[in-house]
Amino acid sequence: MVQQSSSDTTPSAAEVLHERYARRLPDALEDLTGPEHGPVELPLHIVWSGLRTYDLDRPRQRMGLYRTVLAEGQRDDITGFLNRDLLLAQWPLMRTMISRHVREVWEAAFPELAHRASAAA
């Protein structure tokens, strides 16, 4: 929920972004049942221009797909396109490539992601 300061009734941009990303979170990382291999085509509501088909067997393309889905996908997109094991494996690097707001929301909800990041450092 967006908390408002006592001196201002309008939430900050950071609060709005945190709330937006928090609403999209799955209930558990086990809900991320997306594919592990092969090509994946993202729908237009996630990617409206540029590359839409990603090959999960190519690390750079996989990272691009995950960054895009984390930033632009809705809950059903996140659970359908992302895979728990792939997310956990690439989180230490991925967390440096996504927005601070996405990173903070995901690591607060799933401490195992923050733990992986600190273990890799």
Filter region 27-53 for residues that are touching a residue at least 24 places away in the same chain (Cβ under 8 Å) and in contact with a strand residue (DSSP E or B) (Cβ under 8 Å, 6 or more places away or on another chain); the one that is farthest from ARG84 (Cα to Cα) is LEU42
May I ask you to say which residue of LEU65, LEU93 is out of contact with any Gly (no Cβ under 7 Å at 6 or more places or on another chain) and open to solvent by less than 50 Å² (accessible area, probe 1.4 Å)?
LEU65
List every residue pair whose Cβ atoms sit under 7 Å apart, with the two residues 6 or more apart in sequence or on different chains, where the first one lies in region 71-83 and is touching a residue at least 12 places away in the same chain (Cβ under 8 Å) and the second, anywhere, is open to solvent by 10 Å² or more (accessible area, probe 1.4 Å) and part of a helix (DSSP H, G or I).
GLY73/PHE81; THR79/ASP31
I'd like the residue in region 5-49 that is assigned to a loop (DSSP other than H, G, I, E, B), among the aliphatic types (A, V, I, L, M) and closer than 18 Å to THR79 by Cβ and, out of all such residues, is modelled with the lowest pLDDT.
VAL47
Out of the residues in region 103-117 that are surrounded by 17 or more Cβ atoms within 10 Å (Cβ to Cβ) and not aliphatic (A, V, I, L, M), which is nearest to ALA14 (Cα to Cα)?
GLU104
Among (1) in a helix (DSSP H, G or I); (2) open to solvent by 50 Å² or more (accessible area, probe 1.4 Å), there is one condition ALA71 misses while meeting the rest; what is its number?
(2)
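The values are calculated or read from the model by the stated rules, or taken from the named source; none is laboratory data. From a predicted model like this one, the values you see are computed outputs, not experimental measurements. FYI the Cβ positions are ideal-geometry reconstructions off the backbone, even for glycines, and counts take in every protein chain you see. We work out accessible area using only protein heavy atoms, side chains counted, and drop any ligands, DNA or RNA first. Shrake-Rupley method; radii C 1.70, N 1.55, O 1.52, S 1.80 Å.
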